[in-house]
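Encoded as structure tokens, the structure appears first; notes follow it.
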Amino acid sequence: MFGPPPSPEEEVKELPRARTLGVIIATSYFVFVAIYLLLWEHVPDWQLILNRISWSSSDFIGLAATGLALYSYDLFQKYSKNKDIIYLQKFVLELKKAGIEPSDIRSALTALKPLFSEVGNDPEFQAKLQGALARVTKEQIQRLKRLDSEELYELLRSGRGLL
């Protein structure tokens, strides 16, 4: 968090989840209570000291819970500020605004998957396809360049000017 960002070659250790830390804190508290009760029963001379410790154990739980809440909040903030997560959120929001359902995307991707594998397996066809796409793109740009600004505006506003 405060050090330099790790280089891509370094293996980054994953941060513990808040649930894991909660289990560790709860387990350590139960172990503390068990030891406390054993000492209370078997060493009566220590009862005055143990009584003072029992009053401060509630402070321990309060501090641990506050620390766990702050840690969870920090993880959430790091997650929500990640560039990739922000990009995905914007992407999903645009799909939602367009009224596209996840089931629609799945069917489109399953239809395109065999086409991508065919293109990827044939380098000669891949080169032809790239050349044809470049030619079509140049033609459409040339047509758009011939329009004046008002015609271009109307074409793009109506949605028919998609390349």
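Observations on the structure shown:
- For GLY99, the conditions (1) in a helix (DSSP H, G or I); (2) exposed (fewer than 10 other Cβ atoms within 10 Å of the Cβ) are fulfilled apart from (1).
- PHE91 surrounded by 10 or more Cβ atoms within 10 Å (Cβ to Cβ), touching an Asp or Glu at 6+ places or on another chain (Cβ under 8 Å) and in a helix (DSSP H, G or I): no
- The set of residues in the stretch 129-150 being in a helix (DSSP H, G or I), more than 23 Å from LEU115 (Cβ to Cβ) and of a type in the set (A, V, I, L, M, F, W, C) consists of ILE141, LEU144.
- Unique residue being surrounded by 10 or more Cβ atoms within 10 Å (Cβ to Cβ), assigned to a helix (DSSP H, G or I) and among the aromatic types (Phe, Trp, Tyr) when the list is TYR71, TYR79: TYR71
- Any pair with Cβ under 6 angstrom, 6 or more apart, that starts in the stretch 46-57 at a residue that is free of Cβ contacts under 8 Å to residues at least 24 places away in the same chain and ends at one that is of a type in the set (Phe, Trp, Tyr) and surrounded by 12 or more Cβ atoms within 10 Å (Cβ to Cβ): LEU50/TRP40
- Only a single criterion out of (1) in contact with a helix residue (DSSP H, G or I) (Cβ under 9 Å, 6 or more places away or on another chain); (2) surrounded by fewer than 12 Cβ atoms within 10 Å (Cβ to Cβ) is not satisfied by ASP84, namely (1).
Any read-out appearing in this document is the output of simple, stated calculations on the displayed coordinates, not a laboratory observation. Model, not experiment: these values are computed from the prediction. A quick note on method: Cβ atoms are made from the backbone with ideal geometry, for glycine too, and the neighbour counts reach across all protein chains shown.
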